[in-house]
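Input: a single structure, listed below in structure tokens.
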Amino acid sequence: MATEGQQHPIKIYILIWLLLFVVSFFSYMVDYLEFEGMLRWTLIIIFMFLKAGYIVAVFMHMQWERFALIFGILLPPLALVVLILLMAVEADYANATRVQYMGADPTAVPKSPHH
């Protein structure tokens, strides 16, 4: 006996596909308009997470799963993101203490071998 699965309206998939197209357009505009620095990388990360979230929620059917399954799948990557952010915050401190204790000038430009 074959059991039939739950059918979702095609309208949802088309709307998410169009939304992914729009978010991708804005993502490409970040490069086209030549944003620089932290704004550029912040926008790229935001658009990346939005697209990944839409794909996981709708096309991988996570939106219709039980909360325990969603929590079990999404919690480990979220924990990794938090740990990466903590490492990024810690990097400046580690570099500053290295410069302080080793005496290297972080703004020094290396001399060329021809001088």
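The value of relative contact order for the chain, using C-alpha pairs under 8 Å at least six residues apart, is 19 percent.
Each other residue within a Cβ distance under 13 Å of Phe47 adds +1 if Lys or Arg and -1 if Asp or Glu, for a net charge of +1. Going by accessible surface with a 1.4 Å probe and the largest first, Met48, Met60 read Met60, Met48. For the chain, the fraction of 1.4 Å probe accessible surface lying on carbon and sulfur atoms is 71 percent.
Heavy-atom accessible area with a 1.4 Å probe sorts Phe59, Phe49, largest first, into Phe49, Phe59. A cut-off under 15 angstrom between Cβ atoms defines the neighbours of Met29, and their net charge, with Lys, Arg +1 and Asp, Glu -1, is -1. Calculated [222 nm] ellipticity per residue, helices only, for the chain: -24000 deg cm²/dmol; basis is -39500 (n - 2.57) per DSSP H run with n ≥ 4, divided by all residues, nearest 500. Label positions at Ala79 and Ile55, each projected 7 Å from the Cα along the C-beta direction, are separated by 2.4 nm.
Extending 7 Å from Cα along the Cβ direction at Leu39 and again at Ile14 yields two label points whose distance is 3.7 nm. Per residue, the solvent-accessible area of the chain (1.4 Å probe, heavy atoms of protein chains only, all protein chains present) comes to 89 Å².
Here the chain is treated with +1 on each Lys and Arg Cβ and -1 on each Asp and Glu Cβ, and its dipole about the Cα centre works out to around 120 debye. Helices in the chain that qualify as membrane-span-like (whole DSSP H runs, Cα extent of at least 27 Å along the helix axis, mean Kyte-Doolittle hydropathy of -0.5 or higher) are 10-32, 67-102.
The values are calculated or read from the model by the stated rules, or taken from the named source; none is laboratory data. What you see is a predicted model, and the numbers here were worked out from it, not measured in a lab. Because the Cβ atoms are built from the backbone with ideal geometry, glycine has one as well, and the counts that use them run over all protein chains shown. In case anyone asks, the SASA skips ligands and DNA or RNA and just uses the protein heavy atoms, side chains included. Shrake-Rupley method; radii C 1.70, N 1.55, O 1.52, S 1.80 Å.
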